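The values are calculated or read from the model by the stated rules, or taken from the named source; none is laboratory data. If you're wondering where the values come from, they're calculated on a predicted model, not measured in any experiment. No Cβ is skipped: glycine too gets one built from the backbone with ideal geometry, and neighbour counts run over all protein chains shown. Please note that ligands, DNA and RNA were not included when accessible areas were found on the heavy atoms of the full protein model with its side chains. Shrake-Rupley method; radii C 1.70, N 1.55, O 1.52, S 1.80 Å.
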Amino acid sequence: MADVTNTKVAADAADVAHAEGEMDAADAAEAGQGSGGRRRAPGPGARHARVRRTLRVALRPGPWKRGLVLAASALLLGLVMLLHARITDRGGIGSLVETFLPWFGLLVPVLLAGALWRRSASAVVALVLPVAAWLSLFGGLLVDKSRTGGDLTLATHNVGADNPDPAGTARDLAASGADVLALEEITAQAKPVYEKELAKAYPHHTVRGTVGLWSRLPLSDTRAVDIEQDVGPRADTKPVAEVAPDGRALRATVATHQGPLAVYVAHLGSVRVHSGGFTTGGRDRNARALGAAVAAEPNQRVVLLGDLNGTVDDRALDGITSRLRSAQDAAGDGFGFTWPREFPMARIDHVLVRGVTPVSAWVLPATGSDHRPVAAGVSW
């Protein structure tokens with residue numbers, strides 16, 4: 001044991017001597033050599049340089065002090081996702097954030113790359129918050145929850161006022177196998193085309209304004225639903241008889257083998273993105289009116305099909321989503337984004353239900369519209 005200790009002490013002494021020798025050599029190099037190899041004493045400049053090097057090493061920030069801006073950014077990102085409902089909706093900012101909330105997760109790998117480049121332990125640890133927040137909000141959508149079976153297949157599609165091929169769109173939708181099909185943004189010119197192309201597959205249908213419902217099963221009690229579309233200064237100047245109750249929402253009863261099913265079709269007002277956020281006044285007013293109509297619906301089995309111009313995370317739809325649940329969230333695979341067609345970034349087309357059980361939900365292939373159609377299977 002003593003021999004081992006002596007050996008270790010000797011090795012440590014050798015290491016110290018070696019280090020001191022290297023420092024002396026460095027000092028000699030900084031001080032320079034005299035003629036004939038005679039060593040000169042280091043001058044003031046060399047000593048100052050050595051002090052500066054020592055201070056730089058001593059004051060160099062450690063891994064917990066580096067990347068504090070990145071750490072703060074990660075914490076802010078996590079708080080935005082956790083507290084999105086408390087963000088002001090002035091100028092529609094809150095709705096804008098909530099519409100594209102899933103995409104905030106893409107900032108995590110960007111911040112992680114910055115943290116690794118800066119070798120910042122604090123930034124890496126701070127990223128735990130946004131990762132946990134994103135998973136709590138959207139982690140469930142990463143799992144395929146769809147099942148086989150279902151008593152009824154529902155589909156909805158904003159067919160697009162500028163659709164260059166309504167006939168082709170109608171044929172594609174008929175081939176989807178949906179039992180009940182809702183269409184939104186039907187123009188006066190395209191209406192006869194849809195009625196002709198869908199007549200064979202769907203013997204029952206109703207159209208109110210720009211929305212329509214086609215069904216393989218009988219329809220009854222069809223009527224327009226007033227979602228306060230025709231309001232405001234222009235409507236106030238019209239005679240009461242000329243103010244339309246609505247041309248963008250309807251309700252019908254579908255006679256299924258399991259009993260009556262109340263089906264609503266709606267196309268809420270459009271929103272506009274600008275530098276200050278969203279312009280959402282019309283959409284929000286429509287959503288409140290539609291939510292009130294659904295709340296007053298006596299049938300316990302209710303389906304809402306349509307383009308709501310908002311996601312289920314958008315606070316403006318709380319009056320609807322608090323009473324109906326999303327088939328995509330309950331039985332879909334992934335986010336099910338529907339708009340825009342070329343690169344979908346948000347799910348604003350929905351199948352929402354009450355009193356029936358979603359067993360599957362999916363996005364149908366693109367058509368000539370700027371939206372993608374969606375479908376869901378439900379059971380009793």
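Listed values, structure above:
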{"read-out": "Considering residues of segment 61-71 that are of a type outside the set (D, E, K, R) and either open to solvent by 60 Å² or more (accessible area, probe 1.4 Å) or part of a loop (DSSP other than H, G, I, E, B) (or both) only, the residue farthest from Ser122 (Cα to Cα)", "value": "Pro61"}
{"read-out": "Leu116 being of a type in the set (A, V, I, L, M), touching a strand residue (DSSP E or B) at 6+ places or on another chain (Cβ under 7 Å) and modelled with pLDDT of 95 or more", "value": "no"}
{"read-out": "Residue within segment 136-148 that is open to solvent by 10 Å² or more (accessible area, probe 1.4 Å), of a type in the set (S, T, N, Q) and in contact with a strand residue (DSSP E or B) (Cβ under 9 Å, 6 or more places away or on another chain) present", "value": "yes"}
{"read-out": "Per-region count, segment 171-225, residues aromatic (Phe, Trp, Tyr) and touching a Pro at 6+ places or on another chain (Cβ under 8 Å)", "value": "1"}
{"read-out": "Asp165 at pLDDT 95 or above and open to solvent by 60 Å² or more (accessible area, probe 1.4 Å)", "value": "yes"}
{"read-out": "Among residues of segment 221-273, those that are at pLDDT below 95 and of a type in the set (S, T, N, Q), counted", "value": "4"}
{"read-out": "Top-ranked residue in segment 144-169 [being in a loop (DSSP other than H, G, I, E, B) and touching an Asp or Glu at 6+ places or on another chain (Cβ under 8 Å); ranked as nearest to Arg372 (Cα to Cα)]", "value": "Val159"}
{"read-out": "Selected residue (only one of Gly168, Gly78, Gly139, Gly177 is farther than 30 Å from Ala199 by Cβ and out of contact with any Leu (no Cβ under 6 Å at 6 or more places or on another chain))", "value": "Gly139"}
{"read-out": "Breaking point among (1) open to solvent by 20 Å² or more (accessible area, probe 1.4 Å); (2) under 26 Å from the mean Cα position of the chain (by Cα); (3) modelled with pLDDT of 95 or more; (4) polar (S, T, N, Q), for Gln189", "value": "(2)"}
{"read-out": "Qualifying residue in segment 92-100 (condition: aromatic (Phe, Trp, Tyr) and either buried (at least 19 other Cβ atoms within 10 Å of the Cβ) or not in a loop (DSSP other than H, G, I, E, B) (or both))", "value": "no"}
{"read-out": "Scope segment 272-329; condition hydroxyl-bearing (Ser, Thr, Tyr) and surrounded by 18 or more Cβ atoms within 10 Å (Cβ to Cβ); matching residues", "value": "Thr280, Thr311, Thr321, Ser326"}
{"read-out": "Which numbered condition Asp172 fails, given (1) under 26 Å from the mean Cα position of the chain (by Cα); (2) touching a residue at least 12 places away in the same chain (Cβ under 8 Å); (3) not in a loop (DSSP other than H, G, I, E, B)", "value": "(1)"}
{"read-out": "Residue check for Ser176: open to solvent by 30 Å² or more (accessible area, probe 1.4 Å), in contact with a strand residue (DSSP E or B) (Cβ under 8 Å, 6 or more places away or on another chain) and among the hydroxyl-bearing types (Ser, Thr, Tyr)", "value": "yes"}
{"read-out": "Odd one out for Gly150 among (1) under 25 Å from Val80 (Cβ atoms); (2) modelled with pLDDT under 95", "value": "(1)"}
{"read-out": "Yes/no for Leu304 being free of Cβ contacts under 8 Å to residues at least 40 places away in the same chain, in contact with a helix residue (DSSP H, G or I) (Cβ under 9 Å, 6 or more places away or on another chain) and among the aliphatic types (A, V, I, L, M)", "value": "no"}
{"read-out": "Unmet criterion (only one of (1) within 25 Å of Pro344 (Cα to Cα); (2) free of Cβ contacts under 8 Å to residues at least 60 places away in the same chain; (3) not charged (D, E, K, R)) for Leu75", "value": "(1)"}
{"read-out": "Segment 196-208 residues that are among the aromatic types (Phe, Trp, Tyr) and at pLDDT 95 or above, paired with ones that are open to solvent by less than 60 Å² (accessible area, probe 1.4 Å) and not in a loop (DSSP other than H, G, I, E, B) (beta carbon under 6 Å, 6 or more apart)", "value": "Tyr202/Trp214; Tyr202/Ser215"}
{"read-out": "Residue, farthest from Leu141 (Cα to Cα), within segment 345-364, restricted to residues that are open to solvent by less than 30 Å² (accessible area, probe 1.4 Å) and free of Cβ contacts under 8 Å to residues at least 40 places away in the same chain", "value": "Pro358"}
